[in-house]
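Novice: Below is the structure I would like to discuss, written out as structure tokens.
The values are calculated or read from the model by the stated rules, or taken from the named source; none is laboratory data. No experiment lies behind these values; they were computed from the predicted model shown. Please note: Cβ atoms are built from the backbone with ideal geometry, for glycine as well, and neighbour counts cover all protein chains shown.
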Amino acid sequence: MTVISAETEAGARAEATQALISAGRTLFTRVGYRQTGFADIAERAGLTEEYARDLLPGKAAVFGALIERTVKVAGILGPAVAGGPDEDLPARLARTYLALWEPNEEESPMVELYRVAFSDKDASQVLRERVTLILNGQVDRELPGADAELRTALFGAQLGGVAFARHIWTVDSVAAADLETVIGAITPGLRRTLLASDAPE
């Protein structure tokens with residue numbers, strides 16, 4: 001009788017989960033969120049639907065896992081937040097977040113995610129909930145004041161607007177500017193929002 005160790009089984013489940021997420025990404029971007037069924041994702045991943053649902057219970061969970069894998073906000077924002085709410089925190093966060101949107105050899109996966117989300121209101125809700133949970137959960141707990149959650153949300157909205165202008169709407173002047181130039185221009189406003197500070201550069 002073959003005995004499968006817990007470590008081997010955990011590794012197999014992790015590998016199958018990644019296959020499921022990758023299959024979801026392919027189908028979401030090719031045919032759209034609404035047109036993609038969970039059974040389609042499982043089939044493309046080479047899994048039975050029953051086993052796939054044991055890993056991720058539905059399409060929304062697959063998209064949520066794709067968001068977390070793509071953004072990796074928890075690991076990326078950690079060092080930026082670790083310095084505490086000092087005057088440079090807004091610039092550190094802006095640099096970290098906006099860098100996620102910058103394309104390399106291919107289109108930025110962040111742009112890909114948002115295009116999928118724009119295609120369906122349920123996908124938009126999943127994206128909004130995941131990003132808000134990760135961003136607010138890490139940042140607002142570091143800030144003083146009863147309105148820390150509001151200031152963090154407004155800060156995120158400002159950064160999102162810049163990312164959209166640069167990569168979704170491709171506003172010429174914003175899209176053409178060097179990233180550090182953009183960060184330098186928006187940091188004073190971000191600082192006032194996040195830290196309630198008017199301190200100069």
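Novice: Considering each of Glu106, Glu87 in turn, give the residue that is in contact (Cβ under 8 Å) with a residue 24 or more places away in the chain and of a type in the set (Asp, Glu).
Specialist: That would be Glu87, the only listed residue that is in contact (Cβ under 8 Å) with a residue 24 or more places away in the chain and of a type in the set (Asp, Glu).
Novice: Please state which one of Ala99, Ala117, Ala94 is surrounded by 20 or more Cβ atoms within 10 Å (Cβ to Cβ), under 27 Å from Arg191 (Cβ atoms) and among the small types (Gly, Ala, Ser).
Specialist: Exactly one of Ala99, Ala117, Ala94 is surrounded by 20 or more Cβ atoms within 10 Å (Cβ to Cβ), under 27 Å from Arg191 (Cβ atoms) and among the small types (Gly, Ala, Ser), namely Ala94.
Residue-wise test of (1) touching an Asp or Glu at 6+ places or on another chain (Cβ under 8 Å); (2) over 23 Å from Ala19 (Cβ atoms); (3) at pLDDT 80 or above.
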position: Leu56; (1), (2), (3): no, no, yes
position: Gly83; (1), (2), (3): no, yes, no
position: Ala99; (1), (2), (3): no, yes, yes
position: Met110; (1), (2), (3): no, no, yes
position: Val116; (1), (2), (3): no, no, yes
position: Leu133; (1), (2), (3): no, yes, no
position: Asn136; (1), (2), (3): yes, yes, no
position: Asp147; (1), (2), (3): no, yes, yes
position: Leu150; (1), (2), (3): no, yes, yes
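Novice: So which residues in the stretch 27-72 are surrounded by fewer than 15 Cβ atoms within 10 Å (Cβ to Cβ), without any contact (Cβ under 8 Å) to a residue 40 or more places away in the chain, within 20 Å of the chain's Cα centre (by Cα) and more than 23 Å from Leu133 (Cβ to Cβ)?
Specialist: Correct list: Arg30 only.
Novice: Looking for whichever is surrounded by fewer than 18 Cβ atoms within 10 Å (Cβ to Cβ) and either under 16 Å from the mean Cα position of the chain (by Cα) or of a type in the set (Gly, Ala, Ser) (or both) here; the options are Gly156, Gly145. Which one fits?
Specialist: So the residue among Gly156, Gly145 that is surrounded by fewer than 18 Cβ atoms within 10 Å (Cβ to Cβ) and either under 16 Å from the mean Cα position of the chain (by Cα) or of a type in the set (Gly, Ala, Ser) (or both) is Gly145.
Novice: Output the residues belonging to the stretch 66-122 that are closer than 19 Å to Leu194 by Cα and not in a helix (DSSP H, G or I).
Specialist: Gly83, Gly84, Pro85, Asp86, Glu87, Asp88
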